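The values are calculated or read from the model by the stated rules, or taken from the named source; none is laboratory data. No experiment lies behind these values; they were computed from the predicted model shown. Neighbour counts are summed over all protein chains in view; Cβ atoms, including those assigned to glycine, are modelled from backbone coordinates with ideal geometry.
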Amino acid sequence: MGWPLRMFHEEGFYFVTSRCIQGRLLLRPSDEVNEVVGGVLAKALQHANGDVRLHGFSFVSNHFHLLVWAQGIALSSFMQYLRGNTLERGPNRRRGRALRR
């Protein structure tokens, strides 16, 4: 289930900030993390079927920012896919940690 939106409009721009669990430095820049982030962002946008458009992003060591335009409630499922797959396919898998489901 996705994170609940704090404010909801039928469509519009959103500035999204999300941090890693316990503020851990799981997104420290490296070739592997950069590749995973880029791939997951592209896949998340594909899953959104045009209901979410990415205008800007910044991934830093323990959090990330996005500037997106979203239609309907697509932002919630987009964020669910992005957060789950970024950490599951990148830092946690590399360190041998499995995320609980």
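Assorted remarks:
- In region 6-91, counting only strands (runs of 3 or more DSSP E) that sit wholly within it, the ones holding 3 or more residues that are loosely packed, with under 13 Cβ neighbours inside 10 Å and of a type outside the set (S, T, N, Q) span 11-19.
- Qualifying residue in region 45-61 (condition: within 12 Å of the chain's Cα centre (by Cα) and either among the aromatic types (Phe, Trp, Tyr) or at pLDDT below 90 (or both)): yes
- Scanning region 22-33 for residues that are in contact (Cβ under 8 Å) with a residue 24 or more places away in the chain and more than 13 Å from ASN62 (Cα to Cα) yields one hit, GLU32.
- Scanning region 62-72 for residues that are among the aromatic types (Phe, Trp, Tyr) and under 12 Å from the mean Cα position of the chain (by Cα) returns a single hit, PHE64.
- Number of the condition not met by PRO4 [criteria: (1) at pLDDT 90 or above; (2) in contact with a Ser or Thr (Cβ under 8 Å, 6 or more places away or on another chain); (3) over 18 Å from ASN85 (Cβ atoms)]: (1)
- Condition broken by ALA42, with the remaining ones in (1) farther than 21 Å from GLU10 by Cα; (2) at pLDDT below 90 satisfied: (2)
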